[in-house]
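Q: Can you read through this structure? Questions will come right after.
What follows is calculated from the coordinates using simple rules that are stated; it is not laboratory data. As the structure is a prediction and not an experimental result, all values here were calculated from the model. Backbone-built Cβ (ideal geometry, glycine too); neighbour counts: all protein chains shown.
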Amino acid sequence: MYRKISLILKCILISALIVSCSAKQPLQPEDMQVSFVNVHHSELHIPVNAIYQWSEGFVHQVSEGRLHYIDMWSLLKQGIEQEMQNKGYRKIAQTEQADIDISFVAALTSALDDHQIQQQYGLVPGLVTQRIDHHRYEKGTLIFDVVNPETQQLAWRTAGQALASLEDIPLVEREERIKLFVKKLLAFLPDAK
């Protein structure tokens, strides 16, 4: 009797393990990875208490695509300005001389895929998104440029990719995700304090 019960319990346990291992479960946001790449194009000395401005001609360069109901441009710009402030940079008006000019481009894969990013910007972070639920998430790319205002030459370009939730999540949660992503993206930029 004991052997039969023991054998039945083992069969149930093994069956449960097989079912749990074979079931394809979508990745949860906390399991999802991000990918970054940055390129130094020219030397640029950044002084303590450096000041920045948005590059001349910088305009709304975000393609919302499937996130058309969210003002991602404002959220990303706000996140970048907050991180620049955290790193000790001060923002000035376009008419004054800045130590660096900055700009960004952002888009979901449906609007700007990896091949187009490589062709237009010369670098691709390469986030792999094979095991995601494409109804809930789409890969997004954020490209951040630092330009030397004296020479108008690109000094740095960094690009990051992460999964954007297509679901209607609370704005506070989306802002936090953007803040964390921008912090990692701008980690390459020296502090100005």
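Q: What is the sum of charges around M84, taking Lys and Arg as +1, Asp and Glu as -1, for the other residues whose C-beta is under 9 Å from the C-beta of M84? Mind dumping the intermediate values first?
A: Working: positive: K87, R90, K91; negative: E81, E83.
In short, +1.
Q: Only counting other Cβ atoms within 10 Å, I'd like R90, R174 sorted with the fewest neighbours first. If you can, show how the numbers build up before the last one.
A: Numbers: R90 14, R174 17.
Least to most surrounded, the residues fall as R90, R174.
Q: Please compute the length gained on full extension between K193 and Q130, using 0.36 nm multiplied by the number of residues separating them and subtracting their Cα-Cα distance. Please list the in-between numbers first.
A: Details: separation 63, 0.36 × 63 = 22.68 nm, distance 4.09 nm.
Extra length available between K193 and Q130 comes to 18.6 nm.
Q: While we're on this one: Take L180 and Q97, extend 7 Å from each Cα along the Cα→Cβ direction, and tell me the distance between the two endpoints in nm.
A: In this crude spin-label approximation the distance works out to 4.2 nm.
Q: Turning to a different aspect of this structure: At 0.890 mPa s and 25 °C, plugging the Kirkwood radius over alpha-carbon pairs of the range 26-188 into Stokes-Einstein gives what diffusion coefficient in µm²/s?
A: On the way: Rh = 16.4 Å.
It diffuses with D of about 149 µm²/s by this estimate.
Q: If you don't mind, another one. Assigning unit charges at the beta carbon (Lys, Arg +1; Asp, Glu -1) and nothing else, what dipole magnitude in debye, to the nearest 20, does the range 26-188 show about its Cα centre? Could you put the intermediate results ahead of the total?
A: On the way: 14 positive and 22 negative charges, 46 e Å.
Using Cβ point charges on Lys, Arg, Asp and Glu, the range 26-188 gives about 220 debye.
Q: With bins 10 Å wide starting at 0, give me the P(r) of the range 116-176 over every alpha carbon pair, in whole percents.
A: Computed distribution, short to long bins: 18, 37, 30, 13, 2.
Q: Give a quick list of GluC sites (Glu not before Pro) in the range 112-193 that DSSP marks as loop, anything other than H, G, I, E or B, with at most 14 other Cβ atoms within 10 Å. Mind dumping the intermediate values first?
A: Details: sites: E138, E150, E167, E173, E175, E176; in loops: E150, E167.
The qualifying sites are E150, E167.
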